[in-house]
Amino acid sequence: MTRSDVYETEESIVVVADMPGVDDKSVSITLEKNVLTLAGKVEADAPEGYRLALSEYDTGNYERRFALSQSVDREGIEASVKEGILTLTLPKAKEAMPRKIEVKAG
């Protein structure tokens, strides 16, 4: 499992997942039915002639699943990864966006 933060803006829901060692080639994101799955694979690398003496984080596989509500626009989901941090932007569906209701006199 990977640690994640989820926060909400007026336009979207943002998921920030810690995946140390993961890059754009070793991460996959799938959406099946209402389940968004984040997966990443990392293999430990030690320089030639050395062996690992201390590791501050575990290497291996990461996986996290999120159930999505109908308020997410599935076609607009965007993802990026930088320095082991995966950021997903899940835009809100038009129906879920706040809107101002005009009040008329009379």
If r is the Cβ-Cβ distance from K100 to V6 and R0 is 30 Å, what FRET efficiency results, to the nearest 0.05? 0.70
Name the most mobile residue of D73, D45, D23, meaning the one with the largest mean-square fluctuation, in a Gaussian network model of the chain with Cα contacts below 10 Å. D45
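Taking the highest mean first, how do the peptides 26-38, 78-90 order by number of other beta carbon atoms within 10 angstrom per residue?
The most tightly packed comes first, giving 78-90, 26-38.
Return the loop-located chymotrypsin sites (Phe, Trp or Tyr not before Pro) in segment 1-104 (DSSP other than H, G, I, E, B) with at most 15 other Cβ atoms within 10 Å of their own Cβ; answer none if there are none.
Working: sites: Y7, Y50, Y57, Y62, F66; in loops: Y50, Y57.
Sparse-neighbourhood loop chymotrypsin sites (Phe, Trp or Tyr not before Pro): Y50, Y57.
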Distance in Å, no decimals, from the C-alpha centre of segment 38-106 to the one of segment 1-33 is 1
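Taken together, the values in this text are just the output of simple stated rules run on the coordinates, not laboratory data. Because the structure is a prediction, the values reported are computed rather than measured. Virtual Cβ from ideal backbone geometry, glycine too; neighbours counted across all protein chains shown.
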